[in-house]
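One structure is given here, and the rest of the page talks about it.
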Amino acid sequence: MAYDPGMIQPKRKQPAAPEIETDLLRIQQLSQEHDDENWEFRSWLKQNAPDNIDGIVKALSQKYFSLIDCTQCANCCRSLQTEFKKSELHAIAKTLGQSLEAFEKQFMSEGMVNPPCPMLDGKLCSIYENRPEVCRSFPHLEQPGFTTRLMGVIDNVAICPIAFNAFEELKTKLGRLQGRHNRQH
């Protein structure tokens, strides 16, 4: 049958965009439900990650950072015990009008700042423009050596919507490779 420009074309079904999960309770629940799957995927990745895994993960991180406003969440600031550089601790203590010793006594244990972060004001960081490096890079998806940090990544998946969505999409993207790998054995 020849192409007729007047002929009505059947509507093509658009693939549904993956839903982005931002509900923290749901993320925690799904992370628990996916725990065995995540650890199996981690084991597979340790042996079979593509050479460009850091680039793939960085692209996913950037995608979800553009879709999710982390300043509306602050779950990391509310739930993680964090280690800051000494110079950062001095700056934070000074911002709070405290000596480093007073800050350490009030907000730290075993060299770590206890949650919630003392700089958190509601869901916003009161020193956001000058926040410590560990905060700037969280959930650490864009750092090199992704496959060497998978235990921490899996921990972050349970508390960070960006990490959760990026890891779920990574499992989907690489699941095809994982499936082919499993059929070969």
Tally Lys/Arg at +1 and Asp/Glu at -1 over every other residue whose Cβ is under 14 Å from the Cβ of Arg42; what's the total? -3
Could you please report the charge total around Ser66, scoring K, R as +1 and D, E as -1 over all other residues with beta-carbon less than 14 angstrom from its beta-carbon? -1
How high is the relative contact order of the chain? Use alpha-carbon pairs under 8 Å, at least six apart in sequence, and give a whole percent. 34 percent
Any idea how far apart Ser43 and Asp155 come out in nm if each label point goes 7 Å out from Cα toward Cβ? 2.2 nm
Please list 3J(HN,Hα) in residue order for the stretch 141-153, calculated via the Karplus relation 6.51 cos²θ - 1.76 cosθ + 1.60 where θ = phi - 60°; whole Hz, with x for glycine and proline. 6, 8, 7, x, x, 3, 6, 8, 10, 5, 5, x, 4
What are the ³J(HN,Hα) values, in whole Hz, obtained from phi via the Karplus relation 6.51 cos²θ - 1.76 cosθ + 1.60 with θ = phi - 60°, for each residue of the stretch 117-130 in sequence order, with x given for Gly and Pro? 4, x, 8, 7, 10, x, 10, 10, 7, 6, 10, 3, 5, 10
For the chain, take the longest principal axis of its alpha carbons; what is the angle in degrees between that and the long axis of helix 24-33, to the nearest 10 within 0 to 90? 70 degrees
Probe of 1.4 angstrom, ligands and nucleic acids ignored: what's the accessible area per residue over the stretch 49-154, in square angstrom? 58 Å²
By the rule of another cysteine's Cβ lying under 4.7 Å, the cysteines of the chain that fail to get a partner are Cys70, Cys73, Cys76, Cys125, Cys135, Cys160
Over the alpha-carbon set of the chain, divide Rg by the Kirkwood Rh and report the Rg/Rh ratio to two decimals. 1.12
Once amide H atoms are built 1.01 Å from N in the peptide plane, which residues 5 or more positions from Met108, or in another chain, come under 5 Å H to H? Asn114
In the neighborhood of Gln32, defined by Cβ-to-Cβ distances under 13 Å, what is the net charge if each Lys or Arg adds +1 and each Asp or Glu adds -1? -4
The stretch 78-185: Lys pairs at Cα distance under 19 angstrom, eight or more positions apart or on different chains: 5
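The values are calculated or read from the model by the stated rules, or taken from the named source; none is laboratory data. Quick caveat: nothing in here was measured; it's all calculated off a predicted structure. Note: ideal-geometry Cβ built from the backbone for every residue, glycine included; neighbour counts use all protein chains shown. Calculation scope for accessible area: heavy atoms of the full protein, side chains included, ligands and nucleic acids excluded. Shrake-Rupley method; radii C 1.70, N 1.55, O 1.52, S 1.80 Å.
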